[in-house]
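Have a look at the structure below before the remarks.
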Amino acid sequence: MIVVARTVHFASAILLFGGLLFVLAVATPVWRDADRVTPRRGRRHLPTALVYGAWTLVASVISGVIWLAAEAAIMSGTPLTQAIGADTIGLVLGKTEFGRLWVLRFVLALA
């Protein structure tokens, strides 16, 4: 389970970064040049890019939460149902490098 969660998490993060980079570095200049020739021609793709970004962000957050739960179970040596308690999750988030990085990623996702 942890392998799948990590794979989905990293893949969605890479897709989100790539999608944002494409919109900012490639599409925006092209749309700006296209507007000089045919106004509003490229603007119809912006909502699609925003929906794409939102879905990849959702996938990243969900897979990150699953990864956190699986990591807490591994670190505590307890079954997943017992590891998702507030005590174990709080300990993982506050006392491990993985937890601190997880919080940083989650804050960045919210921003």
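Computed from Cα atoms, the angle from the helix 86-95 axis to the main principal axis of the chain rounds to 70 degrees. Just checking my list [x] 33, 18, 9; [y] 39, 12, 10; [z] 19, 17, 15 against semi-axes √(5λ) of the Cα gyration tensor in Å computed from this structure; which label fits? Recomputing semi-axes √(5λ) of the Cα gyration tensor in Å here picks out [y]. Per atom type, the chain shows carbon and sulfur on 72% of its accessible surface, probed at 1.4 Å.
Normalising the average separation of contacting C-alpha pairs (under 8 angstrom, six or more residues apart) by the number of residues puts the relative contact order of the chain at 28 percent. Once the Cα atoms of helix 97-110 and of the chain are each reduced to a long axis, what angle between those two axes, in degrees from 0 to 90 to the nearest 10, is obtained? Value to nearest ten degrees: 30.
Expressed as a fraction of 2.2 N^0.38 Å, the C-alpha radius of gyration for the stretch 71-111 is 1.19.
Accessible area per residue for the chain, computed on protein heavy atoms with a 1.4 Å probe, is 69 Å². Taking the C-alpha atoms only, the angle from helix 46-76 to the longest principal axis of the chain is near 10 degrees.
The values are calculated or read from the model by the stated rules, or taken from the named source; none is laboratory data. Predicted model only: the values in this text are computed from it and were never measured. When the accessible area is computed, the model is the full protein with side chains, heavy atoms only, and any ligands, DNA or RNA have been set aside. Shrake-Rupley method; radii C 1.70, N 1.55, O 1.52, S 1.80 Å.
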